[in-house]
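Visitor: The structure's right below; bear with me while I get my questions together.
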Amino acid sequence: MELDTLVQSLLDKKRNSPLSARELAVLAAAFRLTMFDVLHDRGTGHWGGASSAAELTTALYFNRMQVNPNDPHWDDRDRFILSKGHASMNLYTILANRGYFPVEDLPGFRKLGSHLQGHPSMKKTPGVDMSTGALGHGLSIGVGMALAARLSGKKFWTYVLSGEGCLNEGQTWEAMMMGAKYRPERLVMMIDFNKVQLDGTMNDIMPLDSLVDKFKAFGWNVAPRAFNGHDTQDILESFTWMDSDGAWPKAVVYDTIKGKGVSFMEGKSAWHGAPIDDKSFAEGRPQLVADLERKEAAL
Amino acid sequence: MSIAMRDAFGAKLAELGNTHPELVVLDADVSSSTKSAIFGKAFPNRFFNCGVAEANMVDVAAGLATCGYHPVVNAFAIFLALKGTDQIRNVLCYNHLPVVVAGAYGGLSDSFDGASHQSITDIAIMRAMPNMEVIVPADSRQAEQALEYALAQSGPVYIRLNRNAMPELPESPDFAQRKVITLRTGTCVTIAANGITTSMAMKAAETLAAEGIDAEVLTIPFVKPLDGAGLAASVRKTGKLLTIEEHTVVGGFGSACTEALAREQLSYRYDAVGIEDCFTETGAYDALLAAYGLSADAIAQRVRNLCR
């Protein structure tokens, strides 16, 4: 889990200030490489959806969210729910590098006795605000957290990151109706819209277009355009939109690519949860290293 | 007769709202039936009508519970236990969250609405879940005690409620001890009753006493954790056990009792009164119960057979 000096310096800098778009891009590339390495080493886990959300979770935890890794249960912290819990390797990589637990724990992913369960467990892993795994729960729980903030007069934000699988589940739409009824402040649903599911493409499995129209019809304040979920500058612009005036709750759709970063894995449903074999690892890793080096050079 | 259990529970919710600022109440568009509307009227800011969407309601409660609140979710028992199962299992129980799951109209008590609304599998489902406690009150006072108990816990509790009024039982001041409650001591046979079947068991015991059959009557509101030692002490004395429940005989209260006794290595004669692995039907409540073997007369006859 060795990170190079530049990445380490960014992690140190984060202790004092939010990171810029270019800095976030470097971190996301480094984290994606870590995810790839651990998933290959362990031979289990979900690469496709972990990779597609790398920039999104990096930007949340290293630019935006008010959290305290030394006090994971701080009452006033912002909340994050990874409703697409199979992207657990993504969340663990972020939390470890954010300081919730040692990065040396990451190779224990999915090992018996490890606190890094197959899907996130709030009872085992510091920094996990809600256990997930079964799809479609996240938004309902987020509505509850945001209502709790209102009741208690707290100002924390609640972010729910969902994928197509969560949107296939009817419960998400129940939660959207309830969100529109009570309109809790500072609740944001973020969609990692990579358009590929486990068995095939979204359009083959369960077409969801137009998501924006659906969310609007359900009474949510939807960002006026889809943002590029791999462009950290664009993600920061989506954060600016979240901060702008407008009705609650808010939803943002991010266009992403499943398996992002490894050309022959991108957009392929086969890489939803397949183990990363040695050959694919050997061919794919240099691409991720090159991407990291490019982004470091652009700093 | 006591007041209807749903009225008692709703009034108790509203009463506890005054002393429990962390108490929030959610309902799934049946608050005028479950009587959680009484709380909603008293504390409109802490009451959430979630519409007919039980799964969402349970998870909204979970979100509130992670932020210091103690939610009580209300809906018909059958719909909470079946439409909210994943949420109760994967969110409430897995994370040991303090949420009270209040299943209204339990058993056959929604009698006229028929089998689609009669909850005969909820206890089996709920007791199978790690971290879940399961309480089936026998009368309105026990329903109030169950709510007070549940709000003092740090994890999830399922309370299976009844719609109707039923005979009032002697008060059980030790309710929160989660023990077997002995209502009548006897030597010939142990009748272990769950929920509203308790009053039937008491009446049956009176009939049997006149015939020289001295029955011990236990009411056991806590299906989980079950007081196996307390039950075993009685059965060890009598050598015979009849369990009674307003639920299928598969996986519910009777199953919990016999599983516990099996581990005590006891040898005893046994019979079970409950819904015999079938669907029930529409009818007036008392007649419906009786049609499925839940009456004092039917229970007395089962005891006679057991003691023969």
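Only the coordinates and a few stated rules stand behind these numbers; no lab work does. Keep in mind it's a predicted model, so treat the numbers as computed, not measured. Note that we place each Cβ from the backbone using ideal geometry, even for glycine, and neighbour counts take in every protein chain shown.
Visitor: Do the alpha carbons of any pairs in A:Lys84/A:Lys250; B:Lys12/B:Lys203; B:Lys203/B:Lys240; B:Lys179/B:Lys237 sit beyond 26 Å of each other, and which pairs?
Guide: Where the Cα-Cα span goes over 26 Å, the pairs concerned are B:Lys12/B:Lys203.
Visitor: What angle, in degrees between 0 and 90 and rounded to the nearest 10, separates the Cα long axis of helix B:140-151 from the longest principal axis of the Cα atoms of chain B?
Guide: Value to nearest ten degrees: 50.
Visitor: Between A:Lys268 and B:Lys41, how many nm apart are label points set 7 Å from Cα along the C-beta direction?
Guide: Placing both labels 7 Å along Cα→Cβ, they lie 6.5 nm apart.
Visitor: Still on this structure: Roughly speaking, what % of Cα-Cα pairs in the protein assembly as shown are separated by over 47 Å, rounded to a whole number?
Guide: Working: 46626 of 183921 pairs.
Here the tail beyond 47 Å accounts for 25 percent of pairs.
Visitor: Modelled label-to-label distance, B:Ser32 and A:Asp71, 7 Å Cα→beta-carbon offset: nm?
Guide: It is 4.7 nm.
Visitor: Rounding to the nearest 10 and keeping the result within 0 to 90°, find how far the Cα-based axis of helix B:296-307 lies from the longest principal axis of chain B.
Guide: Computed tilt is about 50 degrees.
Visitor: If you take the square roots of the eigenvalues of the alpha-carbon gyration tensor of region B:175-307 and sort them as a ≥ b ≥ c, do you get rounded (a/c under 1.5), prolate (a/b over b/c) or oblate?
Guide: Values: a/c = 1.60, a/b = 1.21, b/c = 1.33.
The shape class here is oblate.
Visitor: Starting from the Cα-Cα distance between A:Ala247 and A:Glu293, subtract it from 0.36 nm times their residue separation and give me the gain in nm to one decimal.
Guide: On the way: separation 46, 0.36 × 46 = 16.56 nm, distance 4.10 nm.
Length gained between A:Ala247 and A:Glu293: 12.5 nm.
Visitor: Below 8 Å between Cα atoms, with a sequence gap of 6+, how large is the relative contact order for region A:45-168 in percent? Mind dumping the intermediate values first?
Guide: Details: 189 pairs, mean separation 37.2, N = 124.
Over region A:45-168, the number comes to 30 percent.
Visitor: Show the residues, 5+ positions off or on another chain, whose built amide H is closer than 5 Å to the amide H of B:Ala192.
Guide: Counting only residues 5 or more places away or on other chains, the set is B:Leu218, B:Leu242, B:Thr243, B:Ile244.
Visitor: Mind jotting down a quarter of the surface of the convex hull over the alpha carbons of chain B, in square nanometres, one decimal?
Guide: The Cα convex hull of chain B, projected and averaged over all directions, gives 14.2 nm².
Visitor: Taking the Cα atoms only, what angle lies between the long axis of helix B:253-263 and the longest principal axis of chain B, rounded to 10 degrees?
Guide: Tilt of helix B:253-263: around 60 degrees.
Visitor: Need the C-alpha centroid separation for region B:177-208 versus region A:121-136, integer Å.
Guide: So the two Cα centres are separated by 44 Å.
Visitor: Quick check: pseudo-label points 7 Å beyond the Cα along Cα→Cβ at A:Lys154 and B:Ala287, how many nm apart are they?
Guide: So the label points at A:Lys154 and B:Ala287 sit 5.5 nm apart.
Visitor: Continuing with the same structure: Any aspartates and glutamates with Cα under 17 Å of the B:Lys35 Cα? List them, leaving off those in the same chain fewer than 8 positions away.
Guide: Straight-line reach from B:Lys35, under 17 Å: B:Asp7, B:Glu15, B:Asp27, B:Glu54, B:Asp110, B:Asp139, B:Glu144, B:Glu148.
Visitor: Compute the signed sum of charges (Lys and Arg +1, Asp and Glu -1) over the other residues within less than 14 Å, Cβ to Cβ, of B:Gln153.
Guide: On the way: positive: B:Arg178, B:Lys224; negative: B:Glu22, B:Glu133, B:Glu148.
Summing Lys and Arg as +1 and Asp and Glu as -1 gives -1.
Visitor: Could I ask something else about it? Looking at the protein assembly as shown, send over the antiparallel percent of its DSSP beta bridges, to the nearest 5.
Guide: On the way: 7 of 62 bridges.
Roughly 10 percent of the beta bridges in the protein assembly as shown run antiparallel, per DSSP.
Visitor: Between region B:101-130 and region A:217-263, how far is it from one alpha carbon centroid to the other, in angstrom?
Guide: Measuring centre to centre over Cα atoms gives 43 Å.
Visitor: Remind me, relative contact order of chain B in percent, using alpha carbon pairs under 8 angstrom and six or more residues apart? Write out the running numbers ahead of the final one.
Guide: Details: 712 pairs, mean separation 51.5, N = 308.
Averaging sequence separation for qualifying contacts and normalising by length gives 17 percent for chain B.
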